[in-house]
Amino acid sequence: MKACILFLSALSLSGCGKPPFVSQADVIVVGAGIAGLAAAIEASDNGASVIVLDANSVGGGHAVKAGGLAMIDTQLQRSKGIEDSPQQATKDLLAWGEDADKKWVTRYAHESGAEVHDWLVNLGVEFKLVLRTPESDVPRFHFTKGTAVHVVLPMLREALKRPNIVFLWNTGADALLSHNQQFIGVRAKNLRTGGRLQLYGGSIVLATGGFQSNMKMVVDNWNASRSRPEKLLIGSGQFATGDGYQLAADAGAELLRMDDQVTFVNGIPDPRDADQGKGLTVINKQAVIINKNGERFVDESLPSKMLETAVFAEPTGPHWMVFDAKGARKLGVRGAAWLNTNSVTSDIVQNPKLTVTAGDLAQLAVLLNVPDENLKRGIGEYNLAANQPIATPPFYALQLYPLTRKSMGGPAVNEKTQVLDRDGLIIKGLYAAGELTGVAGINGSYGGSGTFLGPAVYMGRIAGRAAAINSGFPMDDPDPNVQSTATLPLDVDGYWHYTVSHDAVRANEIECDTCHLQTPMAEAGSSAMMMTRLDTCTHCH
Ligand SMILES: Cc1cc2nc3c(=O)[nH]c(=O)nc-3n(C[C@H](O)[C@H](O)[C@H](O)COP(=O)(O)OP(=O)(O)OC[C@H]3O[C@@H](n4cnc5c(N)ncnc54)[C@H](O)[C@@H]3O)c2cc1C
């Protein structure tokens, strides 16, 4: 292994146009989400030089929006008197997921306490809270003082401090490079300047996350046992475009469990999203859900696994969340920075494009075109058991849509996260971790609580370690005869995060100085500048 990153002279493999920027390191990590960061830190710990590239201008991936981590038999659980065991957790996870990968579940259940919890705590993560979830009577859903942004920020800080890790932001991988049947590099594009890059590495770790914002992939891989929705909303991040799946497939990888997808059933269109593709999630404990016949068909308090099953067992057609004037005040909406109590009322409850409003239930039934006896029966049943009946006019019906969220399938990997081909053979030089792999099947068919973030860290570490150990650099100099997989279109806007963060600042009337006293008004080109910028993440996340 070479312990330093070499910057080579410009060399064009394509032989035309401006020569690409060429660089090399022991390990190339594609994606700076929670899995990629874990891989980079672990590879660096094992003496490797690392280049991390990310299509976004900031790191952390989906974890900045996420909540907690499921971890088993941790110091925090013990300090709170919670008795947990790897055996119990294995049983719970396998039962919930129904067809989860038993080997990975067992490993994770046995090792997450030390390999995820203690490792993160050593990086400075402070877990404060452990919650019970529908999967088990044992509380194991760990939270910091807020969202998982407080998990990835210490990871990012740690990675940025390391001299043997170099980050390339706004840099999307669009092809993999191979030589003598071994993957030795990544071709990439700067999404702001259009500049081309060729990055060579002894090992390549793909950690590009799921495909839930690529509607074609979601629909093409729709689970045949579920009714096919007429409309689906995007509930995943801008960069969940599925690039890693294409890169891995083009490299010969087998893709497993692609139809295992977490699709929430409580989505509504984001009224401030111009193309109406993005969705928000709504929760309301003082509401009923009805189908296209006005029937209440499910207990709304059930966990999302059961709600999903009930909704997708219904014939396709609209379903509605119905509540009254008191319930309107309980409506919780998540998924955009502009949301607050006032905007939920003005943009959602009082928005006739989203919400139907009526003075009484008979009128609501007419407006929804459902039999009024069905609607009244469902609400009557709910009211019999409810502390707070649905009885105070006006009455509202908010149309719900399925909303994409998390991918539970992807490239097949072995126990070291080496990517496997369709014959089960190792694709040399290529590793994959995190949601891209459906966290190795740990969730089976049904996502659990916190069973993406924790396993993404776990797998990232395994990938980083194995990639560093196996990164004997195959060539002294990049050889002009390297092969390339097909080039992905990569049409993501490199200024996306800049635009949304500044839109949120304007919507919430935040002063420029709130961020810019700390950070310069310039692109975060160096690790030192990015480190300063991290202090501002929690203003929005
Ligand atoms: C709103 C929300 C809430 C969630 N809550 C929870 C929760 O409470 N608990 C839980 O366990 N899980 C939760 N999840 C799921 C969890 O956040 C993700 O599964 C996890 O963060 C995935 O991490 P990752 O590193 O594998 O991928 P990602 O976080 O998706 O990171 C992938 C990175 O790769 C980059 N990338 C993509 N394509 C390219 C390319 N071609 N070139 C270069 N870079 C590229 C992306 O920009 C991104 O930074 C939630 C997800 C969402 C959307």
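Listed values, structure above:
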{"item": "Gyration tensor verdict on region 75-115 (Cα atoms; rounded if a/c is under 1.5, prolate if a/b is larger than b/c, oblate otherwise)", "result": "oblate"}
{"item": "Qualifying aspartates and glutamates (Cα of each under 18 Å from Cα of K305; at least 8 residues distant if same chain)", "result": "D92, E98, D99, E135, D137, D259, D260, E314"}
{"item": "FRET efficiency, D493 to L129 (Cβ-Cβ, R0 56 Å, nearest 0.05)", "result": "0.95"}
{"item": "Computed E for I82/K102 - FRET, C-beta separation, R0 35 angstrom, nearest 0.05", "result": "0.90"}
{"item": "Region 264-404, relative contact order [Cα under 8 Å, separation at least 6], %", "result": "37 percent"}
{"item": "nm² value of the averaged projected area, convex hull over the Cα atoms of region 264-404", "result": "8.0 nm²"}
{"item": "Virtual spin-label span in nm between D259 and R329, 7 Å along Cα→Cβ", "result": "4.7 nm"}
{"item": "Longest segment of the chain lacking trypsin sites (Lys or Arg not before Pro) that sit in a DSSP loop with at most 12 other Cβ atoms within 10 Å", "result": "146-352"}
{"item": "Global geometry of region 384-541, whether rounded, prolate or oblate, following the gyration tensor of its Cα atoms and the 1.5 cut on a/c", "result": "oblate"}
{"item": "Proximal lysines to K161, defined as alpha-carbon separation beneath 20 angstrom and excluding residues fewer than eight positions away on the same chain", "result": "K2"}
{"item": "Estimated FRET transfer efficiency when R0 is 25 angstrom, pair T536-R162 (beta carbons, to 0.05)", "result": "0.70"}
{"item": "Cα gyration tensor shape of the chain, rounded if a/c is under 1.5, else prolate or oblate by comparing a/b with b/c", "result": "prolate"}
{"item": "Proxy reagent accessibility, fewest Cβ within 10 Å first, across L488, L131", "result": "L131, L488"}
{"item": "Residue pairs, from the table K278/K353; K231/K292; K80/K128; K80/K145; K189/K406, whose Cα atoms sit over 21 Å apart", "result": "K189/K406"}
{"item": "Relative contact order, percent, the chain [alpha-carbon distance under 8 Å, six or more residues apart]", "result": "23 percent"}
{"item": "Under the span-like rule (Cα at least 20 Å along the axis, Kyte-Doolittle mean at least 0.5), DSSP H helices of the chain", "result": "453-469"}
{"item": "Restricting region 415-512 to GluC sites (Glu not before Pro) in coil, as DSSP defines it, with at most 16 other Cβ within 10 Å", "result": "E415, E509, E511"}
{"item": "Relative exposure of Y431, Y446, Y458, Y495, judged by other C-beta atoms within 10 Å (fewest first)", "result": "Y495, Y446, Y458, Y431"}
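Throughout, read-outs are computed from the coordinates displayed, never taken from laboratory work. Remember, it's a predicted structure, so these values are computed and weren't measured experimentally. Glycine also receives a Cβ, built like all others from the backbone with ideal geometry; neighbour counts cover every protein chain displayed.
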